[in-house]
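Below is one structure, written out as structure tokens; the observations come after it.
The values are calculated or read from the model by the stated rules, or taken from the named source; none is laboratory data. Keep in mind that what you see is a predicted model, and the values were worked out from it rather than measured. Neighbour counts are summed over all protein chains in view; Cβ atoms, including those assigned to glycine, are modelled from backbone coordinates with ideal geometry.
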Amino acid sequence: MVDAAKELIETHFSELRWECPNFRLAFREKEAVATGLLEFCVADDEERVVHRYHVSMCISENYPRDLPSVIEFDGKVPRNFHTNPTGELCLGVVSDLWLCLDGKLTLSRFVKRCVIPFFISLQQKQQMGTMTQGERSHGDKGIAEFFEDYFAYKAPEKLQRILGAILLCTLL
């Protein structure tokens with residue numbers, strides 16, 4: 001891993017450690033892995049519940065251009081709940097995640113805005129049978145659902161024209 005990437009990851013990890021003090025960081029050839037117990041509290045008018053998940057975040061050498069991938073390894077997340085065949089959590093459509101991050105990726109921001117909401121959605125699904133933030137399909141269908149919502153178009157041919165125009169602009 002290039003020294004500049006390693007330095008940025010170390011800087012962002014030190015920020016994350018303030019909020020998750022038991023996380024550890026290890027470097028491999030082309031990635032870094034942050035592993036530890038993620039604890040967060042969800043409170044409403046009646047109760048306060050602390051949630052705990054053992055997770056591992058793989059941070060590629062392309063960070064911060066690439067989002068980290070996350071694996072929960074206590075088995076609290078059912079394999080049929082938004083997990084990829086590799087065991088990585090499907091936190092959402094990549095474009096949607098970048099919007100949640102306001103285009104600014106740090107490890108702390110990623111955990112707060114993408115990982116914790118995933119676990120809160122899991123709890124809602126298990127307790128109420130539905131998720132208040134909604135749910136998207138996996139793969140291309142989920143990507144299409146995101147863009148349909150984002151552009152407020154339900155007509156696939158209009159959506160294709162919009163995305164084609166965006167792609168054309170990025171190639172110029």
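Summary of values
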{"item": "Pairs, first under 29 Å from LEU8 (Cα atoms) in the stretch 66-78, second of a type in the set (Asp, Glu) and assigned to a loop (DSSP other than H, G, I, E, B), C-beta under 7 Å, six or more apart", "result": "SER69/GLU88; VAL70/GLU88; ILE71/GLU88"}
{"item": "Pairs where the first residue, in the stretch 135-157, is of a type in the set (Phe, Trp, Tyr) and assigned to a helix (DSSP H, G or I) and the second is modelled with pLDDT of 75 or more and surrounded by 15 or more Cβ atoms within 10 Å (Cβ to Cβ), C-beta under 6 Å, 6+ apart", "result": "PHE146/VAL93; PHE146/ASP96"}
{"item": "ASP66 more than 22 Å from ILE143 (Cα to Cα), touching a strand residue (DSSP E or B) at 6+ places or on another chain (Cβ under 7 Å) and outside any helix (DSSP H, G or I)", "result": "no"}
{"item": "Subset of the stretch 85-120 that is of a type in the set (S, T, N, Q) and touching a His at 6+ places or on another chain (Cβ under 8 Å) - its residue that is farthest from PRO64 (Cα to Cα)", "result": "SER108"}
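Residue-wise test of (1) surrounded by fewer than 18 Cβ atoms within 10 Å (Cβ to Cβ); (2) at pLDDT 85 or above; (3) not assigned by TED's automatic domain parsing to the domain that holds ALA32.
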| position | (1), (2), (3) |
| --- | --- |
| HIS51 | yes, yes, no |
| SER60 | yes, yes, no |
| TYR63 | no, yes, no |
| HIS82 | no, no, no |
| LEU105 | no, yes, no |
| LEU122 | no, no, no |
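Listed here are the residues, each with its yes/no results for (1) at pLDDT 95 or above; (2) more than 25 Å from CYS90 (Cβ to Cβ); (3) assigned by TED's automatic domain parsing to the domain that holds CYS114; (4) not in a loop (DSSP other than H, G, I, E, B).
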residue: PRO21; (1), (2), (3), (4): no, yes, yes, no
residue: THR35; (1), (2), (3), (4): yes, no, yes, yes
residue: PHE40; (1), (2), (3), (4): no, no, yes, yes
residue: GLU46; (1), (2), (3), (4): no, yes, yes, no
residue: SER56; (1), (2), (3), (4): yes, no, yes, yes
